[in-house]
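Read through the structure below, which is laid out as structure tokens, and then see the notes.
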Amino acid sequence: MTDWLMINRGGPQQVPLVIIPGWGFTGQVFNDHAAFKDETLIVPTGFTSPGMVGGLSEFLADQQIGQIRILGWSMGGNIGVDFTMHHPEMVSSLTLVAVRQRWLAGDIDFTRQGLLDATGVSMGKFYRKCFLGAKADYNQLATLLMSYPQNYEVDFLDQGLTYLAAHRMPESLPLPVHLVQGDKDLVCPVAEMVNFPASHITMLAGVGHFPFSHADFRL
């Protein structure tokens, strides 16, 4: 089960922000990101996985935290939606960043082939694709990204792809949701982004799949 880390940077009255990363990522991509420098963060120490809903529930109970804000990025958005549907009373706000309505079988198969490429070249291309338009972020995180293939378990990430293939978004959510999308995103194209009734959409011009350093990015 994935462990969780709390980074206390906000004030004592601040509702903690849970950031759930995308497939193939850990919370380390957000620990020191400037966009969250004033936030009390709760992030996973391991790779995003389908079992995170239960693990997050246990962590919050252990820490006696009754209210959270959730930011789900890419696959992390699917998990954030699942948590919100299971624990609506705990979620005060939900932000979904670059989240697809549904992952098609062809996209899942292509990503799975890259995961099974023992050379690591295909996964390296996947990470670079995620950071198109965010060169400074990629350069800052390059050492972390290069370490990923040596630390992840293929079977574990494959379970994540199976989860994405089977996941179906609900028709509505128990609270308004903020959707953030880059108009140049190749991993989650605009035409395939999730949508919900009463949602607020922030479309960021010239931005790809990792939009967190854009001047107009807001929670």
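Only the coordinates and a few stated rules stand behind these numbers; no lab work does. All figures in this text were calculated on a predicted structure; none of them were measured in a lab. Neighbour counts run over all protein chains shown; Cβ positions are idealised from the backbone, glycine included.
Estimate the FRET efficiency between Ala198 and Val15 by the formula 1/(1 + (r/R0)^6), using the beta-carbon distance for r and 25 Å for R0, to the nearest 0.05. For Ala198 and Val15, the calculated efficiency is 0.75.
Computing FRET efficiency as 1/(1 + (r/R0)^6) for Leu219 and Asp62, where r is the C-beta to C-beta distance and R0 is 25 Å, gives about 0.50.
Here Met75, Met169 are placed in order of increasing Cβ neighbour count within 10 Å, fewest first, which gives Met169, Met75. Given the choices (1) 12.7; (2) 15.3; (3) 11.1, mean projected area of the Cα convex hull in nm² derived from the coordinates of this structure is entry (3). Sorting Phe30, Phe59 from the fewest to the most surrounding beta carbons within 10 angstrom yields Phe59, Phe30. Pairs with C-alpha atoms separated by more than 21 Å, drawn from the list Lys129/Lys184; Lys37/Lys184; Lys135/Lys184, are Lys37/Lys184. Phi angles across region 166-179 convert, under the Karplus curve 6.51 cos²θ - 1.76 cosθ + 1.60 with θ = phi - 60°, into 3J(HN,Hα) values of 8, 5, 10, 5, x, 6, 8, 10, x, 8, x, 10, 9, 9 Hz, Gly and Pro given as x.
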